[in-house]
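Presented below is the structure to which this report refers.
The values are calculated or read from the model by the stated rules, or taken from the named source; none is laboratory data. Keep in mind that this is a model prediction, so the values were computed, not measured. Using ideal geometry, Cβ is built from the backbone for each residue, glycine included, and neighbour counts are taken over all protein chains shown. Ligands, DNA and RNA are excluded from the accessible area calculation, which covers all protein heavy atoms including side chains. Shrake-Rupley method; radii C 1.70, N 1.55, O 1.52, S 1.80 Å.
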Amino acid sequence: MIERIFPATPALSGNDLDAELLRENSTVPTGGSWISFNFVSSADGAATVEGRSGKLGNADDQHLFQLMRRTADVILVGARTVRVEGYGGELLSGEARRWRTERGLPAHPPLAIVSGTLNLEPALDVFTKAPVRPLVVTVESAPADRREALGEVADVVLAGGETLDVAVLVAELAHRGLHRIHSEGGPTLLGTFQAAGRVDELSVTVSPLLVGGTAKRIADVLPGTAPAKPQDLELAHILKSGSMLFLRYLRPGS
(Lines give C-alpha, C1' and ligand atoms only; values in the text may rest on other atoms or scores of the structure.)
Protein backbone atom coordinates (compact mmCIF):
# COMPACT_ATOMS: atom_id res chain seq x y z
CA MET A 1 0.00 0.00 0.00
CA ILE A 2 1.44 3.33 -1.07
CA GLU A 3 0.35 6.41 0.88
CA ARG A 4 1.19 10.07 0.46
CA ILE A 5 2.61 11.68 3.59
CA PHE A 6 3.56 15.06 2.06
CA PRO A 7 1.63 17.09 1.17
CA ALA A 8 -0.66 15.51 3.75
CA THR A 9 -3.95 16.93 2.46
CA PRO A 10 -5.94 15.47 0.86
CA ALA A 11 -5.10 11.98 2.10
CA LEU A 12 -4.97 9.72 -0.95
CA SER A 13 -4.12 6.10 -1.61
CA GLY A 14 -4.84 3.36 -4.16
CA ASN A 15 -6.53 4.37 -7.41
CA ASP A 16 -7.17 7.90 -6.16
CA LEU A 17 -3.45 8.39 -5.54
CA ASP A 18 -2.60 6.93 -8.96
CA ALA A 19 -4.98 9.38 -10.65
CA GLU A 20 -3.43 12.32 -8.77
CA LEU A 21 0.12 11.24 -9.62
CA LEU A 22 -0.79 10.89 -13.29
CA ARG A 23 -2.35 14.34 -13.20
CA GLU A 24 0.81 15.77 -11.64
CA ASN A 25 3.02 14.00 -14.18
CA SER A 26 0.90 15.37 -17.02
CA THR A 27 0.84 18.93 -15.67
CA VAL A 28 4.17 20.46 -16.69
CA PRO A 29 5.01 23.90 -18.09
CA THR A 30 4.24 24.31 -21.77
CA GLY A 31 6.34 26.02 -24.41
CA GLY A 32 9.43 23.85 -24.07
CA SER A 33 10.80 20.44 -23.13
CA TRP A 34 10.41 18.94 -19.66
CA ILE A 35 13.13 16.55 -18.51
CA SER A 36 12.53 14.17 -15.62
CA PHE A 37 14.81 11.52 -14.13
CA ASN A 38 13.87 8.49 -12.06
CA PHE A 39 16.31 6.57 -9.84
CA VAL A 40 16.42 4.22 -6.89
CA SER A 41 19.03 4.49 -4.15
CA SER A 42 19.88 2.61 -0.98
CA ALA A 43 19.72 4.46 2.34
CA ASP A 44 23.52 4.84 2.20
CA GLY A 45 23.53 6.20 -1.35
CA ALA A 46 24.24 3.17 -3.54
CA ALA A 47 22.58 3.21 -6.97
CA THR A 48 22.98 -0.56 -7.49
CA VAL A 49 23.29 -3.89 -5.71
CA GLU A 50 25.60 -6.34 -7.49
CA GLY A 51 25.62 -4.01 -10.47
CA ARG A 52 21.86 -3.70 -10.92
CA SER A 53 19.37 -1.11 -9.70
CA GLY A 54 16.42 -3.53 -9.83
CA LYS A 55 17.57 -5.26 -6.64
CA LEU A 56 16.91 -2.08 -4.67
CA GLY A 57 13.23 -1.79 -5.58
CA ASN A 58 10.01 -3.67 -4.91
CA ALA A 59 6.55 -4.04 -6.46
CA ASP A 60 5.40 -0.60 -5.28
CA ASP A 61 8.52 1.00 -6.72
CA GLN A 62 7.78 -0.71 -10.04
CA HIS A 63 4.18 0.51 -9.92
CA LEU A 64 5.27 4.14 -9.58
CA PHE A 65 7.94 3.55 -12.21
CA GLN A 66 5.21 2.50 -14.65
CA LEU A 67 3.08 5.56 -13.83
CA MET A 68 6.02 7.82 -14.74
CA ARG A 69 6.49 6.06 -18.06
CA ARG A 70 2.81 6.42 -18.87
CA THR A 71 2.90 10.19 -19.44
CA ALA A 72 6.24 10.34 -21.32
CA ASP A 73 6.70 11.37 -24.95
CA VAL A 74 10.02 9.51 -24.99
CA ILE A 75 11.94 7.31 -22.54
CA LEU A 76 15.64 8.21 -22.45
CA VAL A 77 18.20 5.73 -21.16
CA GLY A 78 21.93 5.09 -21.34
CA ALA A 79 23.31 2.14 -23.27
CA ARG A 80 24.86 0.48 -20.22
CA THR A 81 21.53 0.59 -18.40
CA VAL A 82 19.89 -1.08 -21.41
CA ARG A 83 22.44 -3.89 -21.35
CA VAL A 84 22.55 -4.43 -17.58
CA GLU A 85 18.85 -4.05 -16.80
CA GLY A 86 17.68 -6.07 -19.81
CA TYR A 87 15.44 -3.62 -21.66
CA GLY A 88 13.35 -5.13 -24.44
CA GLY A 89 9.80 -5.75 -25.61
CA GLU A 90 6.80 -3.91 -24.19
CA LEU A 91 7.70 -1.13 -21.79
CA LEU A 92 4.11 -0.34 -20.81
CA SER A 93 1.27 -2.54 -19.59
CA GLY A 94 -1.94 -2.95 -21.55
CA GLU A 95 -3.72 -0.67 -19.07
CA ALA A 96 -1.07 2.02 -19.58
CA ARG A 97 -1.34 1.77 -23.36
CA ARG A 98 -5.13 2.14 -23.16
CA TRP A 99 -4.74 5.15 -20.86
CA ARG A 100 -2.47 6.81 -23.42
CA THR A 101 -4.63 6.15 -26.47
CA GLU A 102 -7.75 7.40 -24.67
CA ARG A 103 -5.94 10.73 -24.28
CA GLY A 104 -4.76 10.97 -27.86
CA LEU A 105 -1.21 9.79 -27.16
CA PRO A 106 0.61 7.06 -29.10
CA ALA A 107 0.22 3.71 -27.34
CA HIS A 108 3.99 3.40 -26.94
CA PRO A 109 6.50 6.17 -26.24
CA PRO A 110 9.71 5.48 -28.19
CA LEU A 111 12.87 4.49 -26.37
CA ALA A 112 15.91 6.72 -26.99
CA ILE A 113 19.23 5.07 -26.12
CA VAL A 114 22.28 7.27 -25.52
CA SER A 115 25.68 5.82 -26.45
CA GLY A 116 28.91 7.55 -27.38
CA THR A 117 30.69 4.35 -28.46
CA LEU A 118 27.66 2.50 -29.89
CA ASN A 119 28.56 -0.66 -27.98
CA LEU A 120 25.13 -2.11 -28.77
CA GLU A 121 24.29 -5.19 -30.81
CA PRO A 122 21.48 -4.83 -33.37
CA ALA A 123 20.24 -8.28 -32.28
CA LEU A 124 19.40 -7.11 -28.75
CA ASP A 125 15.77 -7.48 -27.67
CA VAL A 126 15.58 -3.71 -27.20
CA PHE A 127 15.71 -3.47 -31.01
CA THR A 128 14.22 -6.72 -32.28
CA LYS A 129 11.25 -6.75 -29.89
CA ALA A 130 10.59 -3.01 -29.76
CA PRO A 131 6.91 -2.10 -30.29
CA VAL A 132 8.01 1.14 -31.98
CA ARG A 133 11.31 1.90 -33.72
CA PRO A 134 13.84 3.11 -31.12
CA LEU A 135 16.20 6.06 -31.38
CA VAL A 136 19.94 5.79 -30.79
CA VAL A 137 21.53 9.07 -29.74
CA THR A 138 25.27 9.28 -30.35
CA VAL A 139 28.08 11.65 -31.32
CA GLU A 140 29.88 12.37 -34.59
CA SER A 141 33.03 10.59 -33.39
CA ALA A 142 31.19 7.28 -32.97
CA PRO A 143 32.41 4.51 -35.30
CA ALA A 144 30.81 4.89 -38.73
CA ASP A 145 30.35 1.13 -39.16
CA ARG A 146 28.45 0.91 -35.86
CA ARG A 147 26.25 3.85 -36.87
CA GLU A 148 25.45 2.10 -40.14
CA ALA A 149 24.68 -1.24 -38.44
CA LEU A 150 22.39 0.30 -35.83
CA GLY A 151 20.72 2.39 -38.50
CA GLU A 152 19.10 -0.83 -39.72
CA VAL A 153 17.17 -1.24 -36.45
CA ALA A 154 16.87 2.31 -35.07
CA ASP A 155 16.89 5.97 -36.03
CA VAL A 156 20.41 7.23 -35.31
CA VAL A 157 20.51 10.81 -33.99
CA LEU A 158 23.74 12.83 -33.75
CA ALA A 159 23.98 15.11 -30.71
CA GLY A 160 27.50 16.43 -30.38
CA GLY A 161 31.00 15.99 -31.76
CA GLU A 162 33.21 14.16 -29.24
CA THR A 163 30.82 14.28 -26.28
CA LEU A 164 27.07 14.44 -25.81
CA ASP A 165 25.60 17.91 -26.31
CA VAL A 166 22.47 17.98 -24.14
CA ALA A 167 21.03 21.05 -25.86
CA VAL A 168 21.30 19.38 -29.27
CA LEU A 169 19.77 16.15 -27.93
CA VAL A 170 16.79 18.01 -26.45
CA ALA A 171 16.34 20.01 -29.67
CA GLU A 172 16.46 16.86 -31.82
CA LEU A 173 13.81 15.19 -29.70
CA ALA A 174 11.65 18.33 -29.73
CA HIS A 175 11.92 18.42 -33.54
CA ARG A 176 10.28 14.98 -33.49
CA GLY A 177 7.50 16.24 -31.21
CA LEU A 178 9.02 14.58 -28.13
CA HIS A 179 8.93 17.26 -25.45
CA ARG A 180 8.19 15.30 -22.28
CA ILE A 181 11.50 13.46 -21.79
CA HIS A 182 11.56 10.83 -19.07
CA SER A 183 14.97 9.34 -18.26
CA GLU A 184 15.68 6.14 -16.36
CA GLY A 185 19.46 6.57 -16.09
CA GLY A 186 22.11 5.72 -15.69
CA PRO A 187 24.22 7.89 -13.39
CA THR A 188 26.44 9.34 -16.14
CA LEU A 189 23.39 10.51 -18.07
CA LEU A 190 22.00 12.29 -15.00
CA GLY A 191 25.40 13.84 -14.31
CA THR A 192 25.64 15.07 -17.91
CA PHE A 193 22.18 16.67 -17.81
CA GLN A 194 22.89 18.19 -14.40
CA ALA A 195 26.11 19.76 -15.73
CA ALA A 196 24.06 21.25 -18.57
CA GLY A 197 21.45 22.62 -16.15
CA ARG A 198 18.68 20.58 -17.77
CA VAL A 199 17.17 18.58 -14.89
CA ASP A 200 13.58 19.74 -14.32
CA GLU A 201 12.42 16.86 -12.13
CA LEU A 202 14.03 14.08 -10.10
CA SER A 203 12.15 11.17 -8.54
CA VAL A 204 14.18 9.06 -6.11
CA THR A 205 13.11 5.88 -4.38
CA VAL A 206 15.01 5.48 -1.09
CA SER A 207 15.31 1.78 -0.35
CA PRO A 208 15.71 0.73 3.33
CA LEU A 209 19.00 -1.06 2.69
CA LEU A 210 22.62 -0.50 3.68
CA VAL A 211 24.70 -1.65 0.74
CA GLY A 212 28.24 -0.41 1.38
CA GLY A 213 30.93 -1.35 -1.11
CA THR A 214 31.88 0.76 -4.10
CA ALA A 215 28.55 1.15 -5.89
CA LYS A 216 28.06 4.46 -7.74
CA ARG A 217 25.71 7.20 -6.63
CA ILE A 218 22.75 8.10 -8.84
CA ALA A 219 24.74 10.91 -10.52
CA ASP A 220 28.21 10.51 -11.99
CA VAL A 221 30.49 12.19 -14.53
CA LEU A 222 32.71 10.90 -17.31
CA PRO A 223 36.43 10.57 -16.44
CA GLY A 224 38.20 13.88 -16.96
CA THR A 225 34.94 15.85 -16.79
CA ALA A 226 34.50 18.57 -14.20
CA PRO A 227 31.75 17.82 -11.68
CA ALA A 228 28.51 19.76 -12.03
CA LYS A 229 27.72 22.65 -9.73
CA PRO A 230 25.18 21.88 -6.99
CA GLN A 231 21.60 22.48 -8.11
CA ASP A 232 18.77 23.50 -5.80
CA LEU A 233 15.62 21.39 -5.84
CA GLU A 234 12.20 21.78 -4.24
CA LEU A 235 10.44 18.84 -2.60
CA ALA A 236 7.09 18.21 -4.32
CA HIS A 237 5.90 15.08 -2.55
CA ILE A 238 6.82 12.18 -0.28
CA LEU A 239 5.17 8.78 -0.69
CA LYS A 240 5.67 5.85 1.66
CA SER A 241 5.30 2.10 1.43
CA GLY A 242 6.45 0.26 4.52
CA SER A 243 9.98 1.52 5.14
CA MET A 244 10.51 2.61 1.53
CA LEU A 245 10.23 6.30 0.61
CA PHE A 246 9.47 7.86 -2.78
CA LEU A 247 10.64 11.46 -3.17
CA ARG A 248 9.80 13.83 -6.02
CA TYR A 249 11.83 17.00 -6.50
CA LEU A 250 11.29 19.83 -8.99
CA ARG A 251 13.45 22.64 -10.30
CA PRO A 252 12.64 25.75 -8.23
CA GLY A 253 9.98 27.90 -9.83
CA SER A 254 8.66 25.17 -12.13
How many percent of the accessible area of the stretch 109-224 is carbon or sulfur, using a 1.4 Å probe?
53 percent
Expected 222 nm ellipticity per residue - DSSP helices of 4 or more, -39500 (n - 2.57), all of the chain, to 500
-8000 deg cm²/dmol
In the neighborhood of ALA46, defined by Cβ-to-Cβ distances under 13 Å, what is the net charge if each Lys or Arg adds +1 and each Asp or Glu adds -1?
+1
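Please report, in whole Å³, the volume per residue of the convex hull around the C-alpha atoms of the stretch 76-192.
Hull volume normalised by residue count: 99 Å³.
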Just the accessible area per residue of the chain, please: how many Å² with a 1.4 Å probe?
49 Å²
Using the Karplus curve 6.51 cos²θ - 1.76 cosθ + 1.60 with θ = phi - 60°, what ³J(HN,Hα) values do you get for each residue of the stretch 41-54, in whole Hz, with x for Gly and Pro?
9, 6, 4, 9, x, 7, 8, 8, 10, 6, x, 10, 7, x
7 Å from Cα along Cα→Cβ at both ALA226 and SER13: what's the point-to-point distance in nm?
5.0 nm
Provide the net charge surrounding LEU222, with neighbours chosen by a C-beta distance below 15 Å and charges set as Lys +1, Arg +1, Asp -1, Glu -1.
0
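Report the local net charge at GLY89: Lys and Arg +1, Asp and Glu -1, summed over other residues whose C-beta lies under 9 Å from its C-beta.
For residues surrounding GLY89, the net value is -1.
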At the level of C-alpha centres, the distance separating the stretch 196-244 and the stretch 47-80, in angstrom, is 13 Å
Report the gain in length on full extension from ASN58 to LYS216: 0.36 nm times residue separation, minus Cα-Cα distance, nm rounded to one decimal.
54.9 nm
Can you list residues whose amide H is under 5 Å from LEU76's amide H, if they're 5+ apart or on another chain and H is modeled 1.01 Å from N?
ALA112, HIS182, SER183, GLU184
Can you tell me what share of the DSSP beta bridges in the stretch 35-192 is antiparallel? A percent to the nearest 5 is fine.
5 percent
Over the chain, with a Gaussian network built from C-alpha contacts below 10 Å, which listed residue (ALA59, ALA96, ALA47) shows the highest mean-square fluctuation?
ALA59
